[in-house]
Amino acid sequence: MDVAIIKYNSGNVLSVLYALERLGINAKLTDDVEEIQKADKVIFPGQGEASSAMRYLRERKLDQLIKELKQPFFGICLGQQLLCEYSEENDTECLGIFPVKVKRFPPQDKVPHVGWNSLQDTKGPLLEGINEHDYVYYVHSYFAEIHPEFTIGKTHYIEGFSALLHKDNFYAMQAHPEKSSLSGQKILTNFLNL
């Protein structure tokens, strides 16, 4: 299986590569349009800041490429946020795959949200074998709002948010499956089996 991991000047890419290696997949880290287009699966992980990440994508025309892809596509953490239409982080217009806004957690509690939280209201093939209240690992200060059609899993931290989103061939997860023990491994395996 040919898996491309989109390189776009963000952090946390190596932990995704290592998680895939543990599953027997040698993925390729690339920002080459042809390599991404021909991949069987595409993963869009990352930690970082929305506006600089979008600038990198636009400069390399990866923003248009992502919108045109038809193979299974998985956005992780910042990757999920960039698949939404807008982020409050530096007033950033994002890719618009999901008609969802990304907001900053209010400063009522500890931000960023770091740690384990359970998944609720899970549905769909990406979450097959994941039980209600299985835990996954988060590190984030911004979150995608809940959408009545595209949210396939929720988490609550200060308020409820979209833990996972799905539309057409696009899947996205705010938590880090590569750092989420057996639950995360199962989600990555489910994605690879789509």
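The values are calculated or read from the model by the stated rules, or taken from the named source; none is laboratory data. Since we're looking at a predicted model, the values are computed, not measured. Every residue, glycine among them, receives a Cβ derived from its backbone with ideal geometry; neighbour counts consider all protein chains shown. We work out accessible area using only protein heavy atoms, side chains counted, and drop any ligands, DNA or RNA first. Shrake-Rupley method; radii C 1.70, N 1.55, O 1.52, S 1.80 Å.
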Requested in this report: Please work out the C-alpha center-to-center distance from the range 74-124 to the range 141-189 and express it in whole Å.
Outcome: 9
Query raised in the report: Stretch residue 91-residue 51 to full length: gain in nm at 0.36 nm per residue minus the Cα-Cα span?
Result: 13.6 nm
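Compute the signed sum of charges (Lys and Arg +1, Asp and Glu -1) over the other residues within less than 14 Å, Cβ to Cβ, of residue 65.
Neighbour charge sum, excluding residue 65 itself: 0.
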Report summary line: the chain -> Rg/Rh from Cα coords, Kirkwood Rh, value 0.93
Requested in this report: Quote the relative contact order of the range 1-138 in percent (integer), defining contacts as alpha-carbon pairs under 8 Å separated by 6+ residues.
Outcome: 18
Requested in this report: With a point put 7 Å past each Cα toward its Cβ, work out how far residue 159 is from residue 116 in nm, to one decimal.
Outcome: 2.8
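For the range 3-193, with only Lys/Arg (+1) and Asp/Glu (-1) charged at the beta-carbon, what is the dipole magnitude about the Cα centre, in debye rounded to 20? The partial results should precede the final answer.
Numbers: 20 positive and 25 negative charges, 55 e Å.
The dipole magnitude comes to about 260 debye.
Once you order the gyration tensor axes a ≥ b ≥ c over the Cα atoms, which shape class does the range 22-132 get: rounded for a/c under 1.5, otherwise prolate or oblate by comparing a/b with b/c? Intermediate values should be presented prior to the final figure.
Details: a/c = 1.84, a/b = 1.14, b/c = 1.61.
Judged from the Cα gyration tensor, the range 22-132 comes out oblate (a/c at least 1.5, b/c at or above a/b).
Which of the chymotrypsin sites (Phe, Trp or Tyr not before Pro) across the range 1-85 are loop residues per DSSP, with 16 or fewer other Cβ within 10 Å?
Working: sites: 8, 18, 56, 73, 74; in loops: 8.
Passing both the DSSP loop test and the Cβ count: no residue.
Carbon and sulfur: what percent of the chain's accessible surface (1.4 Å probe)? List each step's numbers first, then the result.
Values: 3850 of 8600 Å².
About 45 percent, which is the carbon plus sulfur part of the accessible surface.
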Query raised in the report: Which three semi-axes in whole Å describe the equivalent ellipsoid of the range 116-192, each the square root of 5 times a Cα gyration tensor eigenvalue, listed largest first?
Result: 16, 15, 11
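How much net charge surrounds residue 130 when only other residues with a Cβ under 15 Å from its Cβ are counted (Lys, Arg +1; Asp, Glu -1)? Show your work: numbers first, answer last.
Values: positive: 123, 154, 186; negative: 121, 128, 132, 134.
Result for the local shell: -1.
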Report task. Could you do me a favour and compute the accessible area per residue for the range 39-194, 1.4 Å probe, result in Å²? Result -> 42
